[in-house]
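Enquirer: Pasting in a structure now, in structure tokens, and then I'll have a few things to ask.
The values are calculated or read from the model by the stated rules, or taken from the named source; none is laboratory data. Every value quoted in this text rests on a predicted model; they were computed, and no experiment measured them. Neighbour counts run over all protein chains shown; Cβ positions are idealised from the backbone, glycine included. With ligands, DNA and RNA removed, areas are computed over all heavy atoms of the protein, side chains included. Shrake-Rupley method; radii C 1.70, N 1.55, O 1.52, S 1.80 Å.
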Amino acid sequence: MSYKEINIKRNEEYWERLDLVMERIREIEEEEAADVNARYRNWFIEISDKLQVLYKLLEASLAGKLEQISEADGERMNRRLFLDIHEDYEVSYGNPAFAVERLGAEYGQLLCALDAKIHSIYPFCMEGDIRYLCIYSELFVEIYNCFEEEEDLTEEEIRQIIYSFMHDYSEIFNEDAILRLIHPEYDYAGHIVMDSDLADLSYLYRYGLYVGKDEKESARYFATLPQEKIQAMADTFTEGYRIGFQTTGKDISLKSVAEIRYPVGFERMVQAAVRNFEKIGLQSVLKPYSISLNKQYTYDHKEDRALWLDKALVERGLEVNRTVWEKQKEAAPKYGGPAVIDIFGTPPFSPVQKKERVVCSDHQRELEVYERSEKSQLINRYIHGDERSFTIIAYPVPSIGEKYKEIFAETVRINTLDYELYRDMQQKLIDVLDTADRVHIKGANGNHTDLYVKIHPLSDPEKETAFENCVADVNIPVGEVFTTPVLDGTEGVLHVTQVYLEGFLFKNLELKFEEGQIVSYSCTNFDSEEENRKYIEDNILFHHKTLPMGEFAIGTNTTAYRMARTYDIADKMPILIAEKTGPHFAVGDTCYSYDEDHMTCNPDGKAIIARDNEISLLRKSDISKAYFNCHTDITISYDELGAITVIRADGSTEDIIKDGLFVVPGTEPLNEPLLEK
């Protein structure tokens with residue numbers, strides 16, 4: 001069954017409702033919301049118009065007309081849909097600061113959040129799924145009716161209407177998210193990628209996602225590349241996925257679905273990847289994302305659900321998820337894991353902290369931590385975490401600057417560096433690291449890191465290792481050795497002068513560890529210490545009171561480091577590459593979360609035994625205490641590194657890196673890019 005057949009079946013019960021509600025919305029616009037207080041009238045007119053535009057797009061989709069639009073028409077349509085959250089954001093009702101100013105503190109946040117929710121249904125309308133437009137239009141009309149009778153209206157009444165909506169339609173929202181993850185039948189994006197003429201960029205506008213400079217120019221650049229280069233890029237990507245199963249001893253033949261997450265504009269590479277996966281028996285579930293979507297808009301709305309979130313709503317969602325996963329228990333284990341194409345080159349983002357932005361209460365943050373934990377456990381129960389794998393690769397986008405094509409070519413080279421050369425040099429590092437009781441990391445050149453990491457002891461050094469020799473399979477490009485630290489004995493200060501984490505820029509980030517856990521933290525992004533702490537709590541701690549150090553690694557990809565310095569793009573490198581350009585430390589879960597008992601070996605045959613820490617071991621008694629469902633890598637670059645020194649149990653020491661250079665015999669080639677001027 002295709003997505004079109006699925007939508008025809010689902011749409012049947014909503015057509016009459018949609019026709020009725022759209023008739024009412026047309027009346028609202030024609031009347032210019034005359035019965036509503038003038039302060040709110042413009043908001044209702046704007047949303048009425050937006051919903052009618054979506055209805056016309058939905059009709060065009062169902063009639064097959066979207067497949068016939070020109071690039072110019074598609075661009076005009078996309079601009080019309082997203083004008084308010086891009087070019088006009090400062091005077092948009094999607095901007096909480098403007099919404100509160102115009103609509104007042106009582107209703108501004110609620111109506112602003114509803115505006116953002118309507119933006120989120122664009123892809124469903126483009127696909128021809130009428131349910132979302134129907135139910136959100138009904139919600140809009142219900143709220144409009146309340147404002148018509150404004151005399152006794154309260155903020156709580158509007159909040160309760162939205163709460164009931166979110167509760168009642170949890171089944172649609174949550175079930176869709178799960179089914180679209182594990183079933184290739186929901187193949188709207190696949191239809192675009194596999195059936196479109198990718199030389200005609202009109203296809204970009206059929207997703208219902210924002211299409212900006214990076215999407216358009218990426219697609220144009222890909223269109224100029226010879227097919228053999230596209231195929232080589234896809235081969236690197238899909239081979240990483242396949243080898244990930246092979247090197248961990250997992251049977252890929254048990255899987256039939258691979259999820260491809262990709263940026264809009266990269267369709268030629270994705271098309272080749274889909275065909276590669278088909279050759280090894282995997283169907284693809286495609287998940288496109290917009291590169292250029294306004295980051296401030298996304299940040300402003302990341303906690304909107306705080307307006308209606310409570311324990312009952314969380315439990316309702318979890319109840320739906322349990323029911324859906326149980327119904328899908330035959331299909332779920334066939335999901336192999338994500339294959340991700342990441343991007344870099346967009347300007348570093350440090351958000352404006354708006355007092356009008358919705359933020360969660362402490363209680364709601366606790367609820368979200370609980371919800372993430374429960375959802376994660378469900379996923380691992382039904383998809384079987386010890387049987388799935390992943391891969392991730394990154395490429396630059398045009399906004400990186402005028403040398404985009406050069407940087408792109410260099411990135412392709414970095415993604416295909418000599419596997420065996422790095423494997424052998426990294427093994428020499430591991431041979432020294434495996435003798436350690438602790439490792440001392442010391443910063444330099446303005447970096448005041450002074451950190452001790454406790455290493456797992458080896459019972460049988462001839463057969464065991466504490467460090468994984470990470471080459472280019474799941475985690476492309478090549479270049480790191482890593483371990484799970486022992487928490488007791490891991491202590492000190494981690495400092496980076498500047499780092500870019502998950503799209504957010506951090507300045508002078510400092511974390512202090514005691515017994516392997518964060519006990520204090522700071523940065524200098526904002527003038528207020530309170531704002532800086534909250535920035536870290538939101539985007540590194542993810543509302544946990546503390547996090548352990550889940551990983552200690554030494555990146556060895558000095559070629560990537562040199563690229564970043566040559567083109568002055570260190571602040572734009574994705575963590576995927578940045579983590580390979582120096583030692584890095586992950587806070588949160590270990591690299592082996594939910595897969596600790598599946599023993600794997602390095603290329604030399606030694607078993608990697610450092611898979612647990614004192615917290616992850618709690619899974620054996622209470623799994624809810626074992627995982628944090630986050631893992632954030634923080635890298636110190638080589639030019640801020642004084643030394644990495646092994647300290648043995650007998651007190652003897654040996655340097656791994658000294659004054660920013662590798663000093664272990666046999667690793668000299670790693671220094672060549674570091675010594676280039």
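Enquirer: Taking R322, is it in contact (Cβ under 8 Å) with a residue 40 or more places away in the chain and either hydrophobic (A, V, I, L, M, F, W, C) or over 16 Å from I383 (Cβ atoms) (or both)?
Expert: no
Enquirer: Another question, if that's okay. Of the residues in region 310-340, how many are in a loop (DSSP other than H, G, I, E, B) and open to solvent by 50 Å² or more (accessible area, probe 1.4 Å)?
Expert: The total comes to 3.
Enquirer: Next up: Those residues that are among the acidic types (D, E) and either open to solvent by less than 10 Å² (accessible area, probe 1.4 Å) or at positive phi (or both), I need them from region 186-213; list them, please.
Expert: The answer is none; no residue qualifies.
Enquirer: Could you please let me know if P288 is surrounded by 17 or more Cβ atoms within 10 Å (Cβ to Cβ), at pLDDT below 95 and touching a strand residue (DSSP E or B) at 6+ places or on another chain (Cβ under 8 Å)?
Expert: no
Enquirer: From the list R159, R102, pick out the single residue that is open to solvent by 10 Å² or more (accessible area, probe 1.4 Å) and within 15 Å of N42 (Cβ to Cβ).
Expert: Selected residue: R102, the only one of R159, R102 that is open to solvent by 10 Å² or more (accessible area, probe 1.4 Å) and within 15 Å of N42 (Cβ to Cβ).
Enquirer: Scan region 47-97 for residues that are of a type in the set (S, T, N, Q) and either under 23 Å from I25 (Cα atoms) or in contact with a strand residue (DSSP E or B) (Cβ under 9 Å, 6 or more places away or on another chain) (or both) and report the count.
Expert: 5
Enquirer: Suppose we filter region 70-88 for residues that are over 27 Å from F98 (Cα atoms) and open to solvent by 40 Å² or more (accessible area, probe 1.4 Å); how many remain?
Expert: Residues in region 70-88 being over 27 Å from F98 (Cα atoms) and open to solvent by 40 Å² or more (accessible area, probe 1.4 Å): 4 in total.
For (1) modelled with pLDDT under 95; (2) in contact with a strand residue (DSSP E or B) (Cβ under 9 Å, 6 or more places away or on another chain), each residue gets a yes or a no:
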| site | (1), (2) |
| --- | --- |
| F585 | no, yes |
| D650 | no, no |
| V663 | no, yes |
| E672 | yes, no |
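Enquirer: For region 529-644, which strands (runs of 3 or more DSSP E) that fit wholly inside it have 3 or more residues that are over 30 Å from K302 (Cα atoms)?
Expert: Per the criteria, 549-555.
Enquirer: Continuing with this model, one more query. Just checking, which of E71, E59 is over 28 Å from L307 (Cα atoms) and touching a Leu at 6+ places or on another chain (Cβ under 6 Å)?
Expert: E71
Enquirer: Condition first: closer than 23 Å to E410 by Cβ and open to solvent by less than 40 Å² (accessible area, probe 1.4 Å). Now tell me which residues in region 217-242 satisfy that.
Expert: Selection gives S218, A219, Y221, F222, L225, I230, M233, A234, T236, F237, T238, G240.
Enquirer: For region 438-473, which residues satisfy the criterion of being of a type in the set (G, A, S), out of contact with any strand residue (DSSP E or B) (no Cβ under 7 Å at 6 or more places or on another chain) and either part of a strand (DSSP E or B) or open to solvent by less than 60 Å² (accessible area, probe 1.4 Å) (or both)?
Expert: A472
Enquirer: Of everything in region 493-512, what is in contact (Cβ under 8 Å) with a residue 40 or more places away in the chain, under 27 Å from S373 (Cβ atoms) and touching a Phe, Trp or Tyr at 6+ places or on another chain (Cβ under 9 Å)? Give them in sequence order.
Expert: L494, V499, G503, F504, L509, L511
Enquirer: Within region 343-363, work out how many residues are in a strand (DSSP E or B) and acidic (D, E).
Expert: Total satisfying the criteria: 0.
Enquirer: Can you name the residue in region 379-411 that is over 16 Å from R565 (Cα atoms) and in a loop (DSSP other than H, G, I, E, B) and, of all such residues, is modelled with the highest pLDDT?
Expert: V397
Results for (1) within 23 Å of the chain's Cα centre (by Cα); (2) open to solvent by 10 Å² or more (accessible area, probe 1.4 Å); (3) within 20 Å of H544 (Cα to Cα), shown as yes or no for each residue.
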{"residue": "N613", "(1), (2), (3)": "no, no, yes"}
{"residue": "I623", "(1), (2), (3)": "no, yes, yes"}
{"residue": "I636", "(1), (2), (3)": "yes, no, no"}
{"residue": "E640", "(1), (2), (3)": "no, yes, no"}
{"residue": "T645", "(1), (2), (3)": "no, yes, no"}
{"residue": "A649", "(1), (2), (3)": "no, yes, no"}
{"residue": "D655", "(1), (2), (3)": "no, yes, no"}
{"residue": "K658", "(1), (2), (3)": "no, yes, no"}
{"residue": "L661", "(1), (2), (3)": "no, yes, no"}
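Enquirer: While we're on this one: If you scan region 357-393, which residues turn out to be hydroxyl-bearing (S, T, Y) and under 19 Å from the mean Cα position of the chain (by Cα)?
Expert: S373, S376, S389, T391, listed by residue number.
Enquirer: Here's another thing I want to ask about it. Hey, does region 412-423 have a residue that's open to solvent by 60 Å² or more (accessible area, probe 1.4 Å), touching a helix residue (DSSP H, G or I) at 6+ places or on another chain (Cβ under 8 Å), in contact (Cβ under 8 Å) with a residue 12 or more places away in the chain and not in a helix (DSSP H, G or I)?
Expert: Scanning region 412-423 turns up at least one residue that is open to solvent by 60 Å² or more (accessible area, probe 1.4 Å), touching a helix residue (DSSP H, G or I) at 6+ places or on another chain (Cβ under 8 Å), in contact (Cβ under 8 Å) with a residue 12 or more places away in the chain and not in a helix (DSSP H, G or I).
Enquirer: List, please: which pairs have Cβ atoms under 6 Å, are six or more places apart or on different chains, and start with a residue in region 248-271 that is on the phi < 0 side of the Ramachandran plot and in contact (Cβ under 8 Å) with a residue 40 or more places away in the chain and end with one that is surrounded by fewer than 19 Cβ atoms within 10 Å (Cβ to Cβ) and of a type in the set (S, T, N, Q)?
Expert: T248/T600; V257/Q283
Enquirer: A further question follows. Under 8 Å between Cβ atoms, which residue pairs at least 6 apart in sequence (or on different chains) link something in region 15-38 that is at pLDDT 85 or above with a partner that is small (G, A, S)?
Expert: Filtered contacts from region 15-38: L18/S137; V21/S137; M22/S137; I25/S48; I25/S137; R26/S48; I28/S48.
Enquirer: For H598, work out the one condition from (1) open to solvent by less than 50 Å² (accessible area, probe 1.4 Å); (2) of a type outside the set (A, V, I, L, M, F, W, C); (3) touching a helix residue (DSSP H, G or I) at 6+ places or on another chain (Cβ under 8 Å); (4) more than 23 Å from F245 (Cβ to Cβ) it doesn't fulfil.
Expert: With (1) open to solvent by less than 50 Å² (accessible area, probe 1.4 Å); (2) of a type outside the set (A, V, I, L, M, F, W, C); (3) touching a helix residue (DSSP H, G or I) at 6+ places or on another chain (Cβ under 8 Å); (4) more than 23 Å from F245 (Cβ to Cβ) applied to H598, the lone miss is (4).
Enquirer: Give me the pairs: first residue in region 156-171 and farther than 13 Å from G317 by Cα and without any contact (Cβ under 8 Å) to a residue 12 or more places away in the chain, second residue open to solvent by 60 Å² or more (accessible area, probe 1.4 Å) and in a helix (DSSP H, G or I), beta-carbon distance under 9 Å, and six or more apart or on different chains, which are they?
Expert: Sorted first by the residue in region 156-171, then by its partner, the list stays empty.
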